[in-house]
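Here the structure is laid out as structure tokens; the discussion comes afterwards.
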Amino acid sequence: MRILIGVQGTGNGHLSRCSALAEALSMYPDVHTQFLISGRDRNQLFDMDAFGDWQWRQGLSFVVEQGRVNVPETLRRNQWGQFWHDVKALDLSEYDLVVSDYEPITAWAGRLQRKQVIGLGRQYAFYKPTPSLPISLAQRQMLRWFAPTDRPVGMHWFDDASHILPPIIHQRGRTQTMQPGHYVVYLPFEPLAAIHELLKPFDGVTFHVFHPQAERQQVGHIHYHAPSRIGFAEAVTRAEGIISNAGFETSSEALAAGKKILVKPLTGQFEQTANAQCLQRSRLAQVMWKLDQGAVAEFLEHGMANTCHWPNVAQAVAEWLRNGAQEPVHELSARLWQRSEFEDYMECLRSY
């Protein structure tokens, strides 16, 4: 069995999810998996050991300035000629299965070569109507255009549609004892100076800030860290709560770890807006729509933690792929959500 998995490298959530899937697939010696990463400069990628001898392409990505998606600059700066060259040059004939975690080169190569591509990841939850994630028809069409698939396998916090699986949670790092008053901050699209100003007044709280422009240092009660998936995971384990953008994977990992959450959706990114609205309606997280010290104060004082119990989805998906993805997606979905209900039941029993 030979599998090609395309990974959208723009956000760390895609990489985290696919790292977990890579580790699960590595348990099957009869499966050869090739990963193709695009959407971020190669020298900005880190913690890539799980992907083995991975390939890289320029791909497509969003331009973000001052915490906001800049659509005109996104259209101008992406290298469209190189993108279509890479799409046409990618030969899929040697692979038994092609999977795209919202990676457009593999998705479009499959479309041109009339080869089925499995769309696996958060964005594919929006491919079909999902009641708790309402978006406009135009937004859905945009998502479908970016990385097309005929077989969407989305991920969500709730059993909301027949093409939806629970989240893949990457179990990384050592388990740490929770330290009250410690918070992880992950706002990679916001200016670092603005984050510092946001957190500076709360000198009775310890913040661990992970940011692409940060270097390891401490400024008073604020600790700065360069990006590290293992370091981030261990910091989340120790933390009382997390302040982050409204990306799916970060919120999912925080919910699985039982942390209270404050999200600030990336302005102009409708998927993060839908995530934030869903988390707020379900009372799984608090939301601030801009960097707001009042919202942070309210969160620190009154935020409530929630815990979600999901099964080992990475293992189940790896087994599904190894078997040729023959099981219909709606049956895989029903099986995993049933297992999730069992996990909730067992946790209830353990709480007595």
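Values computed for the structure shown
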| quantity | calculated |
| --- | --- |
| Residue list for segment 203-227, filter: open to solvent by less than 40 Å² (accessible area, probe 1.4 Å) and in contact (Cβ under 8 Å) with a residue 40 or more places away in the chain | Val205 |
| Of all residues making up segment 297-315, the number that are assigned to a helix (DSSP H, G or I) and either under 16 Å from Ala257 (Cα atoms) or open to solvent by less than 30 Å² (accessible area, probe 1.4 Å) (or both) | 3 |
| Flag for Arg68 being more than 30 Å from Ala316 (Cα to Cα), of a type in the set (Lys, Arg) and either surrounded by 13 or more Cβ atoms within 10 Å (Cβ to Cβ) or touching a residue at least 40 places away in the same chain (Cβ under 8 Å) (or both) | yes |
| Residue in segment 33-55 that is modelled with pLDDT of 95 or more and closer than 17 Å to Ala316 by Cα present | yes |
| Segment 330-352: number of residues that are assigned to a helix (DSSP H, G or I), among the hydroxyl-bearing types (Ser, Thr, Tyr) and modelled with pLDDT under 65 | 2 |
| Residue count, segment 44-77 (criterion: over 21 Å from Glu190 (Cα atoms) and either in contact with an Asp or Glu (Cβ under 6 Å, 6 or more places away or on another chain) or of a type outside the set (A, V, I, L, M, F, W, C) (or both)) | 10 |
| Selection count where residues are without any contact (Cβ under 8 Å) to a residue 60 or more places away in the chain, of a type in the set (Gly, Ala, Ser) and either out of contact with any strand residue (DSSP E or B) (no Cβ under 6 Å at 6 or more places or on another chain) or open to solvent by less than 10 Å² (accessible area, probe 1.4 Å) (or both), scope segment 252-289 | 4 |
| Residue match in segment 332-343 (condition: surrounded by fewer than 22 Cβ atoms within 10 Å (Cβ to Cβ), under 30 Å from Asp96 (Cα atoms), out of contact with any Gly (no Cβ under 7 Å at 6 or more places or on another chain) and among the charged types (D, E, K, R)) | yes |
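Condition check ((1) touching a residue at least 12 places away in the same chain (Cβ under 8 Å); (2) open to solvent by 60 Å² or more (accessible area, probe 1.4 Å); (3) farther than 18 Å from Val87 by Cβ) across all residues:
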| position | (1), (2), (3) |
| --- | --- |
| Asn12 | yes, no, yes |
| Glu23 | yes, yes, yes |
| Tyr28 | yes, no, yes |
| Gln34 | yes, no, no |
| Arg42 | yes, yes, yes |
| Asp47 | yes, yes, yes |
| Phe51 | yes, no, yes |
| Gly59 | yes, no, no |
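The values are calculated or read from the model by the stated rules, or taken from the named source; none is laboratory data. If you're wondering where the values come from, they're calculated on a predicted model, not measured in any experiment. Using ideal geometry, Cβ is built from the backbone for each residue, glycine included, and neighbour counts are taken over all protein chains shown. Side chains are part of the model used for accessible areas, which takes the heavy atoms of the whole protein and leaves out ligands, DNA and RNA. Shrake-Rupley method; radii C 1.70, N 1.55, O 1.52, S 1.80 Å.
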